[in-house]
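Visitor: Input: one structure, supplied below.
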Amino acid sequence: MIRLIIAIISTVCITYAHDHSNHDHQNILMIIVDDLRPQLGCYGASETHSPNMDRIANEGTLFETAYVQVPVCGASRASMMTGLYPTSKRFVTYYSSADKDAPDVPDLPSYLLSAGYSTISNGKIYHNADDSTNSWSEIYRPADFRVYLLPENQNLGGHGKDAAYEAADVEDNAYPSGVMAEKIINDLRKAKASGEPFFITAGFTKPHLPFNAPKKYWDLYDRDELALAENHFAPKGAPSSSLHQWNELRSGYGGMPEKGNVSDELARTLIHGYYASVSYTDKLIGDLLDELVKLDIDKNTIVILAGDHGWQLGEHALWCKHALFETSLHTPLIIKAPGYKAGQRSSALVEFVDIYPTICELAGVKKPAHLQGKSLVKLMKKPSAKFKDAIFARYHGGETIRTAQYQYSEWKNGSNMFYDHSIDPNENVNRVADPKYSAIVKKMKQQLQEHRERL
């Protein structure tokens, strides 16, 4: 019965969007970058060459404390594109699909399609290529997860594992990401010619492993100046539930130790590769931004830049994501929209379920009833406005709540952890058992339970 009611509501919402569609809606270019840490120039990381992502921030609103709902790609993207929080049975794994976990609600592209938009999916938007295919006017999904141009990086030592990085001396379009950027530029040109409002996406996989990028982006960095993680150790008192063996890297790529951490030399190479991959994607994003200007459609195009989750670069002796630490959950979110002040920054707590309602409001499309997030337009009008007291995330058996100062996480096995970011922003000491915080821990535990019950 509940599923039937949701389906009826969703149908009514889609009909409303369709009946009120017009060609005056803002265009939308949505850029999603895999495994993107907030380690960009615009987030204060001056060592990173990211002039084009910084450019979006200079022209739009940067959200300093934006967090994903799940620190793994499939679940995070499904949650973001449906505007629904994850639960213990919904959006759980890296291979989660929106059309299977939330079949009775319109996802963002299908809702915009019903409102008169042309919706084009380029690259990795959903994790699964066959997820929600009816939501798009067109889908382009290049096979760019593991593309190597140098034979020596494949099947290392004859053990069947490829290298975790590559620096081939090639042009941008030698790798699939560069080809995709050229395709998106063509999409923009066709959209301009048609006059139809568009929702065009650019799903860049780099800096996802392997860190394969043209050599010129590696050359932007002096590897000897790249800093290693200062807290390359597990947090004091952290439960084992909060940690993992980073098997995505350890088991998936050659040259990794079977146990224990990587050497400083290898760590520096991996960090170098990560930065190079970020800069490669940044340049391709710049090509898209330049094309908007050349076509004279930048003034009526909303640009959204988002990661799908964070990434560890040795912090807490971890690599990859898959954790409820700041490094896995915190990712960039920047929105540039016509009519809104440039160069704004908001320190308000926001989360990725807020993206769907934000796009609807910016595009002038009535929001569907199923959404569980809040539009960020309020913060784009006034970045210092009061927004949310707490945000929520989960991963497998763990759940977390974050406020402006604290983060509390708990697991089904009874373990938990608590961090005070005002004195421990890198989350190095679990203070859940400190009597000083007992009242705060109790309150956050209750808030987490209330959130769980609301869902």
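Visitor: Would you point out which residue out of LYS259, LYS236, LYS294 is open to solvent by 10 Å² or more (accessible area, probe 1.4 Å), over 18 Å from ILE335 (Cα atoms), at pLDDT below 95 and of a type in the set (Lys, Arg)?
Guide: LYS259
Visitor: So, of the residues in the range 268-291 that are within 30 Å of GLU315 (Cα to Cα), open to solvent by 10 Å² or more (accessible area, probe 1.4 Å) and of a type outside the set (Val, Ile, Thr), which turns out to be nearest to the chain's Cα centre (by Cα)?
Guide: Among those residues, the one meeting the criterion is TYR275.
Visitor: Among the numbered criteria (1) more than 30 Å from ILE355 (Cα to Cα); (2) touching a residue at least 60 places away in the same chain (Cβ under 8 Å); (3) not aliphatic (A, V, I, L, M); (4) not in a loop (DSSP other than H, G, I, E, B), which one does ASN231 miss?
Guide: (4)
Visitor: Let me ask another. Answer yes or no as to whether ILE125 is buried (at least 21 other Cβ atoms within 10 Å of the Cβ) and in a loop (DSSP other than H, G, I, E, B).
Guide: When the stated conditions are applied, ILE125 passes them.
Visitor: I would also like to ask the following. In this structure, is ALA163 in a loop (DSSP other than H, G, I, E, B) and either at pLDDT 95 or above or under 30 Å from VAL429 (Cα atoms) (or both)?
Guide: In short, yes.
Visitor: Mind counting the residues in the range 134-151 that are part of a helix (DSSP H, G or I) and open to solvent by 60 Å² or more (accessible area, probe 1.4 Å)?
Guide: Total meeting the criteria: 2.
Yes/no matrix, rows are residues, columns are (1) at pLDDT 95 or above; (2) polar (S, T, N, Q):
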{"site": "HIS18", "(1), (2)": "no, no"}
{"site": "SER21", "(1), (2)": "no, yes"}
{"site": "VAL72", "(1), (2)": "yes, no"}
{"site": "ARG77", "(1), (2)": "yes, no"}
{"site": "ALA102", "(1), (2)": "yes, no"}
{"site": "PRO109", "(1), (2)": "yes, no"}
{"site": "LEU113", "(1), (2)": "yes, no"}
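Visitor: Right, ALA385: within 30 Å of HIS208 (Cα to Cα) and among the small types (Gly, Ala, Ser) or not?
Guide: no
Visitor: Among what's in the range 86-116 and is open to solvent by less than 10 Å² (accessible area, probe 1.4 Å) and part of a helix (DSSP H, G or I), pick the residue that is farthest from GLU196 (Cα to Cα).
Guide: Restricting to residues being open to solvent by less than 10 Å² (accessible area, probe 1.4 Å) and part of a helix (DSSP H, G or I), the top hit is ALA98.
Visitor: Hey, any hits in the range 198-217 for a residue that's open to solvent by 30 Å² or more (accessible area, probe 1.4 Å) and in a loop (DSSP other than H, G, I, E, B)?
Guide: Within the range 198-217, not a single residue is open to solvent by 30 Å² or more (accessible area, probe 1.4 Å) and in a loop (DSSP other than H, G, I, E, B).
Visitor: Can you find a residue in the range 170-188 that is within 20 Å of ALA276 (Cα to Cα), of a type in the set (Gly, Ala, Ser), in a helix (DSSP H, G or I) and open to solvent by 40 Å² or more (accessible area, probe 1.4 Å)?
Guide: So far as the range 170-188 goes, yes, one or more of its residues are within 20 Å of ALA276 (Cα to Cα), of a type in the set (Gly, Ala, Ser), in a helix (DSSP H, G or I) and open to solvent by 40 Å² or more (accessible area, probe 1.4 Å).
Visitor: Same structure, new question: Scan the strands (runs of 3 or more DSSP E) fully inside the range 338-455 and keep the ones with 1 or more residues being surrounded by fewer than 17 Cβ atoms within 10 Å (Cβ to Cβ).
Guide: 344-351
Visitor: Hey, another quick one. Quick one: how many residues across the range 58-81 are under 21 Å from LEU288 (Cβ atoms) and open to solvent by 10 Å² or more (accessible area, probe 1.4 Å)?
Guide: So the answer is 2.
Visitor: Also, quick follow-up: Could you tell me how many of the residues in the range 318-356 are closer than 30 Å to LYS259 by Cβ and of a type outside the set (S, T, N, Q)?
Guide: Matching residues across the range 318-356 total 11.
The values are calculated or read from the model by the stated rules, or taken from the named source; none is laboratory data. Not measured: the values here are computed from a predicted model. So basically every Cβ, Gly included, is an ideal-geometry build from the backbone, and we count neighbours across all protein chains shown. These area figures cover heavy atoms from the full protein model, side chains too; ligands, DNA and RNA do not enter into them. Shrake-Rupley method; radii C 1.70, N 1.55, O 1.52, S 1.80 Å.
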